């Protein structure tokens, strides 16, 4: 039982959205066309609960000519402090311009994504090399504050505020109490 509680606590902690990993609250992060092999990159911004979010990017011609493979994974984090597992995206390729889309759920904080380029020898290069590219939602809870165009002081205009970090911390505290009583 103790092992299960420790695992539950670890999973809950790992599920927290990491503000530092996503950059500054409310600031989208897309591939920099000056320092990456992407000649363009755009995403629907801000992302909107229940509405189509679209990503499009183009590879530099040298990568297209070398038959570089491309993969994208996405991850959606919600205002209650939980991030879904990463999901591979289906890509459309139009001559080196790639696109994909998804529909974020209600009460999401942001849409994360990573791009993997695969050369002909199977070598992979990740963009960004660590962390995620991020598109923030119209209403997000991050670092103890609400933000976005649909956010009020006490939460989203259309929704009531989530429990966020308080729920996660309470769950961990309960697991610790139960675990200590069993010793």
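Some observations on this one:
- Subset of segment 1-51 [over 14 Å from the mean Cα position of the chain (by Cα), in a loop (DSSP other than H, G, I, E, B) and modelled with pLDDT under 95]: 1
- Boolean, residue 101 is at pLDDT 95 or above and crowded, with 16+ Cβ neighbours inside 10 Å: no
- Residue check, residue 115 closer than 23 Å to residue 39 by Cα and crowded, with 17+ Cβ neighbours inside 10 Å: yes
The values are calculated or read from the model by the stated rules, or taken from the named source; none is laboratory data. The structure presented is a predicted model; accordingly, all values stated were derived computationally and were not measured. Cβ sites come from the backbone with ideal geometry, for glycine too, and all protein chains shown count toward neighbours.
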